[in-house]
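Engineer: There's a structure below that I have some questions on.
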Amino acid sequence: MTVHTTVKKVICVAGARPNYMKIKPVMDALEARGAEVLLVHTGQHYDPAMNDVFFDDLGLRPPDHFLGIGSGSHAGQTGRVMAAFEPLVDELAPDLVVVVGDVNSTLACALVTAKAGPLLAHVEAGLRSRDWSMPEEVNRVATDRVSDYLLAPSHDAAENLRAEGYRDDQIHVVGNVMIDTLLANLERATASDALERHGLTPDGYGLVTLHRPANVDDPEVLAGLLKALGEVAGHCPLVLPVHPRAAERLGALGVPGGIRLIPPAGYLDFIALQAGARIVLTDSGGVQEETTALGVPCVTLRDNTERPITVEQGTNVVAGRDPERIVATALRLLADPPPPRRPELWDGHAGDRIARVLLEGGTAGSRPRPTDRR
């Protein structure tokens, strides 16, 4: 159904692989309602093989504009994205820009948009880890501050925003776009031969992901995590798709017996690996959400989470990085898995709710801007 609206042209920004799953439902819903949608890929993460498989798996069309930024320091990367995105916004003159998540591209494009004048929408607004040492936390908070629309995945995120003083007209609880993509692709993923290709049987293995700098850049921390994972593997064999960030360090330290390294997985294969796992141990925010939706026990290898809803209403337990605590938590979940629970509005329709809010919410000239008073 086409909705007549004054918002006609929308830029959707993706910068890193986790963004692809988040932006696809938003793009689809906006286009279904008659908006002209332009996909801008900043190239913050860009490995041709991995990106091509993700785009193919998701049915995500090639980006309309590719900025080719590449990796670098936080300041360098953020600055390069801003310098490349600014003239594009001037050229395209969108009514609205949508950014997702918490990577450097998210903040960079948010700052450019705020200064250029179009409305700005932040998908996954209000998530807070309370850990200011995490670059993602800084990106989230700063992006929320300059956004017109704060699109929260759950009620706890909306409560964070209210506590920080945002207006009610900015805050919208819309559900989780990651779960839209998961539910749309689950049947295809589980019908694939992903487990068979790796010699795995459902409920016969655990899945591990490690990529956060705090976990993989410090050899002492990584060695402690590997020790813990080795003990867990004595009770349930583990598979670990190797993130490029961790590959060299894992090779230097050596991997305990019972842990099998496999190549990085595309989206559908990774969902199949999660769905078939007896337990998942991870430092990824997205995996905490996906395992909650799948009802798979999850051990988070971090001291905090910006997604506490997955602990309160899901299958996630935050174990920290102490090896003994990780082992104790994993063994408890293996022996007594938590019952599957899915938070409200994690129902596959977040993209539709977002499109409705954005296309019926007015224009930059007709609605209050981020620093207007209540």
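The values are calculated or read from the model by the stated rules, or taken from the named source; none is laboratory data. This is a predicted model, so every value here is computed, not measured. Every residue, glycine as well, gets a Cβ built from its backbone with ideal geometry; the counts of neighbours run over all protein chains shown. Quick note on the areas: whole protein, heavy atoms, side chains included, nothing else; ligands and nucleic acids left out. Shrake-Rupley method; radii C 1.70, N 1.55, O 1.52, S 1.80 Å.
Engineer: Would you please name the residue that is nearest to residue 249 (Cα to Cα), looking only at residues in the stretch 194-237 that are within 22 Å of the chain's Cα centre (by Cα) and open to solvent by 10 Å² or more (accessible area, probe 1.4 Å)?
Structural biologist: Restricting to residues being within 22 Å of the chain's Cα centre (by Cα) and open to solvent by 10 Å² or more (accessible area, probe 1.4 Å), the top hit is 217.
Okay, residues lined up against (1) open to solvent by 40 Å² or more (accessible area, probe 1.4 Å); (2) without any contact (Cβ under 8 Å) to a residue 12 or more places away in the chain; (3) within 29 Å of residue 179 (Cβ to Cβ):
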{"position": "21", "(1), (2), (3)": "no, no, yes"}
{"position": "28", "(1), (2), (3)": "yes, no, yes"}
{"position": "36", "(1), (2), (3)": "yes, no, yes"}
{"position": "58", "(1), (2), (3)": "no, no, yes"}
{"position": "66", "(1), (2), (3)": "yes, no, yes"}
{"position": "83", "(1), (2), (3)": "yes, yes, no"}
{"position": "86", "(1), (2), (3)": "yes, no, no"}
{"position": "95", "(1), (2), (3)": "yes, no, yes"}
{"position": "99", "(1), (2), (3)": "no, no, yes"}
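Engineer: With touching a strand residue (DSSP E or B) at 6+ places or on another chain (Cβ under 9 Å) and without any contact (Cβ under 8 Å) to a residue 60 or more places away in the chain as the only criterion, which of 228, 233, 191, 223 stands out?
Structural biologist: Only one candidate passes the filter, namely 233.
Engineer: Quick check on the stretch 298-316. Is at least one of its residues open to solvent by 10 Å² or more (accessible area, probe 1.4 Å), in contact with a strand residue (DSSP E or B) (Cβ under 9 Å, 6 or more places away or on another chain) and within 23 Å of residue 202 (Cβ to Cβ)?
Structural biologist: No, the stretch 298-316 contains no residue that is open to solvent by 10 Å² or more (accessible area, probe 1.4 Å), in contact with a strand residue (DSSP E or B) (Cβ under 9 Å, 6 or more places away or on another chain) and within 23 Å of residue 202 (Cβ to Cβ).
Engineer: Could you say which residue among 271, 259 is touching a helix residue (DSSP H, G or I) at 6+ places or on another chain (Cβ under 6 Å), under 17 Å from residue 177 (Cβ atoms) and of a type in the set (A, V, I, L, M)?
Structural biologist: Criteria check complete, one pass: 271.
Engineer: Hey, another quick one. Among the numbered conditions (1) of a type in the set (S, T, N, Q); (2) touching a Lys or Arg at 6+ places or on another chain (Cβ under 7 Å); (3) under 22 Å from residue 318 (Cβ atoms), tell me where residue 274 comes up short.
Structural biologist: All conditions pass for residue 274, except number (2).
Engineer: Could you check the stretch 285-369 for helices (runs of 4 or more DSSP H) lying wholly inside it with 2 or more residues that are under 17 Å from residue 215 (Cα atoms) and more than 22 Å from the chain's Cα centre (by Cα)?
Structural biologist: Once the helices (runs of 4 or more DSSP H) in the stretch 285-369 are filtered for at least 2 residues that are under 17 Å from residue 215 (Cα atoms) and more than 22 Å from the chain's Cα centre (by Cα), what remains is 323-335.
Engineer: May I pose another question? Being of a type outside the set (Val, Ile, Thr), touching a residue at least 12 places away in the same chain (Cβ under 8 Å) and touching a His at 6+ places or on another chain (Cβ under 9 Å) is the requirement here; does residue 120 meet it?
Structural biologist: no
Engineer: Here is a further query. Can you pull out the residues in the stretch 354-371 that are touching a residue at least 12 places away in the same chain (Cβ under 8 Å) and surrounded by fewer than 20 Cβ atoms within 10 Å (Cβ to Cβ)?
Structural biologist: Across the stretch 354-371, the qualifying residues are 356, 357, 360, 362, 363, 364, 366, 367, 368, 369, 370.
Engineer: Given the stretch 195-282, what helices (runs of 4 or more DSSP H) lie entirely inside it while holding 1 or more residues that are of a type in the set (Asp, Glu), at pLDDT 95 or above and under 16 Å from residue 321 (Cβ atoms)?
Structural biologist: 219-233
Yes/no per residue for (1) of a type outside the set (Val, Ile, Thr); (2) farther than 22 Å from residue 286 by Cα:
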residue	(1), (2)
21	yes, no
32	yes, yes
37	no, yes
55	yes, no
68	yes, yes
74	yes, no
77	yes, yes
98	no, no
